[in-house]
Amino acid sequence: MAIVEREPSAQQQQIDVENPATGAVVRSVPILSAEEVRTLAERGRAAQPAWEALGFEGRARVLRRAQKWVLDHRERLIETIVSETGKTHEDALLAEIGYVGNAFGFWAKNAPEYLADEKVRSANPFVLGRKLVVRYAPLGLVGVIGPWNYPLSNSFGDCIPALAAGNAVILKPSEVTPLTSLLMAEAMRECGLPDGIYQVATGLGETGQAVIDEVDMVMFTGSTATGKKVMERAARTLTPVSLELGGKDPMIVLADADLERAANAATYYSMQNGGQTCISVERAYVEAPVYDAFVAKVTQKVKALRQGAPAGPGSVDVGAITFPKQLDIVSGHVDAARSAGATVLTGGHARTESGRFYEPTVLVDVDHSMACMTEETFGPTLPIMRVNDAEEAVKLANDSPYGLGASVWTSDVTRGEALARRIEAGAVCVNDAQVNYLALELPMGGWKSSGLGSRHGAGGIRKYTRQQSLLVTRLAPKRDLHMFPYKAKTTGLLGRAMKLLYGRGKRD
Ligand code: NDP
């Protein structure tokens, strides 16, 4: 299960993991070659059958131990997550420890039901009396490739259902946040996971490619651009992929909304985790009658946010920008909008004196000619646009290549749900945002350029399996009617039977 069988030395290629909030190098990890990934794959494949043979109960015992480990060691985990992401203590506790703590128990409990044999009945008389069963068998070796924004929930979190289903897993974490995945290797070993069942392949994009080449299925979370490359690479070996990609989640605020709640939510769900959440509120459309009041409330709340290097619980509200290039993207979107006529009501600057930060920012006078309204910004920014009515808001919400999440805010929940159904996104909340992600029973996956497949729910674990159909015949004649030799009389009989079964409908 260990990854780094060798310590990085000066000669070896290695990644220096940096704390984005301070600029200090935390630790170095090796860049694994394709050959080393192959060795991990061989080890994983050799270990997997025994893990599968443990059955749901045996595997659940390990997962439940790991659940306890995560909570018992949460301070150490939070410290590691904060050190490599620069996120706040609370962002690490709520969205990472909280998610994985829940997920271990959820998959331990629900895997047996989601993957239970299903007895099927067929209406076709030609298979009458046969036993028909669908079963879900683990794929073998699953490759999880993860992003940097949630090293525990989005990278490691996807390993949990894969493990619960009986697979061995190789996790390729983002080059900027590999430490949490490595700590989880230590955790899983302590909790009794057999060697080779969870392995971490640290490295860059090439290491990710090598993982794709070796595994039986790829669970990828990351940008849409890389997701396409992953799918292309996987096509070479006809390896199935599940893709959780970028988003540009719209928030629609109607005139009858509880404005105080909507403003608090807009502030929180656009700035939480420094806006580096795939389902962050990335743009808001507000009906004209409440636009000014909404903008005033949000601006006041965003101005009050404290930003800086996290120094324990309650120290700051908004942390650092984790990925160096992301700062250029965020600055680029805001600067371009400003040049095109947008007004920055608060924030609007990068801060790099010590660490890497972007000020919490509110933009108005924006439109869809600007990247800040159409491309994923992935930073602590909220552009707000005035709309005449709900129709215009829905039209603008759908004017996007993305379709990950969305939210509608109104006191008329029936109307809110009707509007939600018209939004082209995999998950839409009414008077809420993001919390759908906590309901692991509810599938979460993107439409359009936001992904393929989903996580959570039955589909979130069945994707890590191969579906096998079984047909068992107990009692049967020596020769079925349709078997050789063909005879005109029997053919006529079968033809009449088909006419009787399928030919009685009307041709309207
Ligand atoms: P990237 O697409 O840049 O990278 C994701 C992972 O893919 C990293 O581990 C990366 O390695 C690896 N990788 C890069 N190139 C290749 C390749 N050619 N083959 C295989 N693997 C490769 O995403 P980010 O890390 O920048 O993450 C941010 C993105 O993730 C945002 O777009 C965000 O919306 C999305 N995301 C989506 C979520 C969802 O559920 N839909 C959840 C969370 C984030 P390396 O880091 O070494 O380059």
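The values are calculated or read from the model by the stated rules, or taken from the named source; none is laboratory data. Remember, predicted model here, so these are calculated numbers, not experimental data. Cβ placement follows ideal geometry from the backbone for every residue including glycine, while neighbour counts extend to all protein chains displayed.
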Query - Filter result for L254 (surrounded by fewer than 23 Cβ atoms within 10 Å (Cβ to Cβ), of a type in the set (A, V, I, L, M) and over 20 Å from K463 (Cβ atoms)) - result: no
Query raised in the report: Which one of these is modelled with pLDDT of 95 or more and farther than 19 Å from L182 by Cα: V70, V133, V144, V82?
Result: V133
Query raised in the report: Does segment 263-273 hold any residues that are in contact with a helix residue (DSSP H, G or I) (Cβ under 8 Å, 6 or more places away or on another chain) and surrounded by 20 or more Cβ atoms within 10 Å (Cβ to Cβ), and which are they?
Result: A263, A266, T267, M271, Q272, N273
Report summary line: All-but-one check, D158 against (1) farther than 21 Å from L243 by Cβ; (2) touching a strand residue (DSSP E or B) at 6+ places or on another chain (Cβ under 6 Å); (3) of a type in the set (D, E); (4) buried (at least 24 other Cβ atoms within 10 Å of the Cβ), failing number (1)
Query - Candidate set: segment 308-327, residues that are surrounded by 22 or more Cβ atoms within 10 Å (Cβ to Cβ) and polar (S, T, N, Q); chosen: the one nearest to A24 (Cα to Cα) - result: T322
Query raised in the report: In segment 203-220, is there at least one residue being at positive phi, near the ligand (Cβ under 10 Å from one of its atoms) and touching a strand residue (DSSP E or B) at 6+ places or on another chain (Cβ under 8 Å)?
Result: yes
Report task. Check off (1) under 25 Å from T322 (Cα atoms); (2) more than 16 Å from the ligand (Cβ to nearest atom); (3) in a strand (DSSP E or B) for A187 and give me the number that stays unchecked. Result -> (3)
Query raised in the report: How many residues are among the hydroxyl-bearing types (S, T, Y), farther than 20 Å from E375 by Cβ and either modelled with pLDDT under 95 or surrounded by 16 or more Cβ atoms within 10 Å (Cβ to Cβ) (or both) when one looks only at segment 390-438?
Result: 2
Report summary line: Of the listed residues (L245, L179, L163, L204), the one being over 23 Å from Q48 (Cα atoms), buried (at least 24 other Cβ atoms within 10 Å of the Cβ) and modelled with pLDDT of 95 or more is L245
Requested in this report: Determine which member of the set G166, G192 is part of a loop (DSSP other than H, G, I, E, B) and over 21 Å from R462 (Cβ atoms).
Outcome: G192
Requested in this report: Filter segment 298-340 down to residues that are within 15 Å of P360 (Cβ to Cβ) and among the small types (G, A, S) and give me whichever is farthest from the ligand (Cβ to nearest atom).
Outcome: A304
Query raised in the report: Scanning segment 357-402 for residues that are assigned to a loop (DSSP other than H, G, I, E, B), acidic (D, E) and over 21 Å from the mean Cα position of the chain (by Cα), which turns out farthest from Q300 (Cα to Cα)?
Result: D399
Requested in this report: Name the one entry in G246, G227 that is within 15 Å of the ligand (Cβ to nearest atom), in a loop (DSSP other than H, G, I, E, B) and either without any contact (Cβ under 8 Å) to a residue 40 or more places away in the chain or within 26 Å of I170 (Cβ to Cβ) (or both).
Outcome: G246
Requested in this report: Tell me, yes or no, whether segment 305-327 has at least one residue that is touching a residue at least 24 places away in the same chain (Cβ under 8 Å) and among the basic types (K, R).
Outcome: no
Report summary line: Residue set L32, L40; condition in a loop (DSSP other than H, G, I, E, B), over 25 Å from S280 (Cα atoms), modelled with pLDDT of 95 or more and within 16 Å of the ligand (Cβ to nearest atom); output residue L32
